[in-house]
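Quick notes on the structure that follows.
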Amino acid sequence: MSFLTSINRWVIGYSPIKYTVLWNWYRLINHRGWRLDDRHLYYDFWYSLNHGWEHMTYVHNFEEFWGKGSYPPEKIIVSKGDYDNLVEKLNKPPQYCEKIARVLTRKAPWDV
């Protein structure tokens, strides 16, 4: 941790001056370069360029929300017969429907 970060943490966390005029003034003049979590804003810019920071913390956030040991998400296991039935239904062409064919052959209102 740098010296400036240490000073910033000390001033912001110093309870006798918290929420006084001096404390609010210090927070106001340091607003552009500091955050409450002690990271400089320009670091956030470089981390967010390739979303690397978000990817590094994704697993932690996922487990924090869903519970420990929940990552990776569950897999759905299907029996061989059910899988074959699903594949057959996906590979079949859709049934010909007379009503849909009539609707598709009509002229659109803007084609008149």
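Return yes when Glu64 is part of a helix (DSSP H, G or I) and modelled with pLDDT under 65 and no when it is not.
no
Each row is one residue, and each column tells you yes or no for (1) among the small types (Gly, Ala, Ser); (2) at pLDDT 75 or above.
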residue	(1), (2)
Ile29	no, yes
His55	no, no
Leu90	no, yes
Gln95	no, yes
Ala101	yes, yes
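The values are calculated or read from the model by the stated rules, or taken from the named source; none is laboratory data. It should be emphasised that the depicted structure is a prediction, and the values quoted were computed from it without experimental measurement.
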